[in-house]
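To start, the structure under review is shown below, and the notes come after it.
The values are calculated or read from the model by the stated rules, or taken from the named source; none is laboratory data. Predicted, not measured: the structure shown is a model, and the values here were computed from it. Every residue, glycine as well, gets a Cβ built from its backbone with ideal geometry; the counts of neighbours run over all protein chains shown. Protein only, heavy atoms only, side chains kept; ligands, DNA and RNA dropped before computing areas. Shrake-Rupley method; radii C 1.70, N 1.55, O 1.52, S 1.80 Å.
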Amino acid sequence: MPASLLVWSLTAVILLAVLTQRWWEPKLAARGVNVHVYPWRWWLIGYPRVAFRMWWTWRRVCHINGLSVSFSPTQRVIGRNLVVQGTPLKPKTPLMGLPMPTRTGLRVRVRLHPGQTPAPYLAAAHAMEHAWEVHTVRVSSPVRGEVLISVIPMDPLGREALPPAEGPGTLAVLVGRVEDDAPWVLDLRHTPHWLVTGATQSGKSTLLSALVHGLARRRVALVGIDCKGGVELGLYAPRLSALATDRTEAIRVLGSLVELVRDRMRLCRAASVRSVWDLRVEDQPVPVVVLVDEIAELYLTDGTKKDREEAELCGTLLLRLAQLGAALGVHLVLAGQRVGSDLGPKVTALRSQLGGRVAHRSHDSASAEMTLGDVSPDAVVVAQSISEHEKGVAVVTTTGGQWMRARSNPVPAKDAAAEAERNSSLTPPLPGIERKTRVMAGGETAG
Ligand SMILES: Nc1ncnc2c1ncn2[C@@H]1O[C@H](COP(=O)(O)OP(=O)(O)OP(=O)(O)O)[C@@H](O)[C@H]1O
């Protein structure tokens, strides 16, 4: 009786709060309390509804998906398909904790039965989405013996983009929003190299625009390699310390960057430090971010000896930069439609050096597999399920093999180009590169 009284009272309070919202909201706003920053609607209406649905269907969901197990009279766990003659099997439902609301959904812990692993729960995530009529269910196991079920009722990536803001640190850029409604910060200090893949029109260039827009004001040297004649990265030429528009130029730029990395190695050795970040702040060289649009162009050959040698050399230089650059302030962001082993063995070696992965919608399962398969195998299916209408949506790796869906801020290329132009005076010269291969906005190659 007291429990039902509590439920009725709570319901009455919620109803009253919703009906009088127009009255109390401005009053609170006048006192500096912005109620819109809190997801009241979700907490008051959505959360109880989803939590109730979970509680109501939990037993059936577990039974149908093989999460309930039966114990023999001797307390031995018996597989769900095994029938013990003469003894009726009573499936025991795993114990679900109290669903705890978050800003964008809810989380609930479930105790595993002895002998169970999280695998069947991972496999059942899709069934749970349908049973609870929610957008996404994620299953993880941060604690042994438990699974953590995170429920996201609606797609937060559909909401408007977060305003651009400085990320924490020189190389951290807010490029979008992740699905738990947090900012998506691409931090090159934390994860030095990134691979960005996706079919045509999936949002790769827009992500690069967001990155350029965010980095343009910082103390960073941007280098562009765009073998599609510079049509994409050429827009940012005023803020690029070098721009290569074909493979021959790319080889020169990459070769000079390898030299730069060697110089920085000598600098670190002389100062007895392991990375440029351990040098005194005033001695730290400017970080270099190398943006490559359409990575496959660097590896494709027409079969001639010269072409094969060029592709081979490009592969070697990129690999060297990836291996040595992280500690020496040289970062790679490589974008392309596909990055498959058909481009050569060096591509697979390079991929293993690129810790950060962003997989937009892909044409084929092989691309998603190549981007995510080695770091987050369970994210491959999610990347493949991104639809054509979800522009800019991608699966992004975070730390420790974790991943999330995210959407980049739709920064138009012209905005990023304007920002690059505004900050052109910040473009640092790079020793050995500027003279040879810097291409200015008009397409002219300097001396
Ligand atoms: N985050 C986003 N939100 C809304 N629209 C987006 C987003 N990202 C990209 N788009 C839109 O999707 C379209 C394609 O984007 P973009 O040019 O970045 O794709 P792409 O993968 O680089 O394509 P391509 O390989 O053909 O160059 C553009 O019209 C762009 O405005």
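When a 1.4 Å probe is rolled over the protein heavy atoms, the share of accessible surface on region 157-437 that falls to carbon and sulfur comes to 53 percent. Sorting 227, 314 by solvent-accessible area of protein heavy atoms yields 227, 314, largest first, with a 1.4 Å probe. DSSP finds beta bridges in the chain, and of those with both partners inside it, around 60 percent are antiparallel.
Helix-only mean residue ellipticity at 222 nm, the chain, DSSP H runs n ≥ 4 weighted -39,500 (n - 2.57), per residue, nearest 500. What is it? My calculation for the chain gives -11000 deg cm²/dmol from helical runs alone.
Using a Gaussian network for the chain with springs between C-alpha atoms less than 10 Å apart, which of these wobbles most: 211, 112, 235? Between 211, 112, 235, it is 112 that shows the largest mean-square fluctuation. Less than 5 angstrom separates the built amide H of residue 146 from those of 112, all sequence-distant by 5 or more or on a different chain.
Entry note, the chain: relative contact order of 16 percent, from Cα contacts under 8 Å with a spacing of 6+ residues.
Legend: calculated FRET efficiency, residue 341 to residue 123, from the Cβ-Cβ distance at R0 = 30 Å, rounded to 0.05, equals 0.60. Any lysines with Cα under 21 Å of the residue 204 Cα? List them, leaving off those in the same chain fewer than 8 positions away. In chain and number order, the partners are 228, 391, 414.
Highest GNM mean-square fluctuation among 338, 177, 41, for the chain modelled with Cα contacts below 10 Å: 41. Net charge of the neighbourhood of residue 415, taken over other residues with C-beta under 14 Å away and scored Lys/Arg +1, Asp/Glu -1, is +2. Between 194, 43, 184, the Gaussian network model of the chain with springs among Cα atoms under 10 angstrom shows the greatest mean-square fluctuation at 43.
Among residues other than residue 319 whose Cβ falls under 12 Å from its Cβ, what is the net charge (Lys/Arg +1, Asp/Glu -1)?
Counting the neighbours of residue 319, the net charge comes to +2.
What translational D, rounded to a whole number of µm²/s, comes out for the chain from Stokes-Einstein when the hydrodynamic radius is the Kirkwood one over Cα pairs, at 37 °C and 0.692 mPa s? Answer, rounded: 132 µm²/s.
For the chain, the residue among 45, 212, 95 whose Cα projects farthest onto the positive side of the dipole built from Cβ charges is 95.
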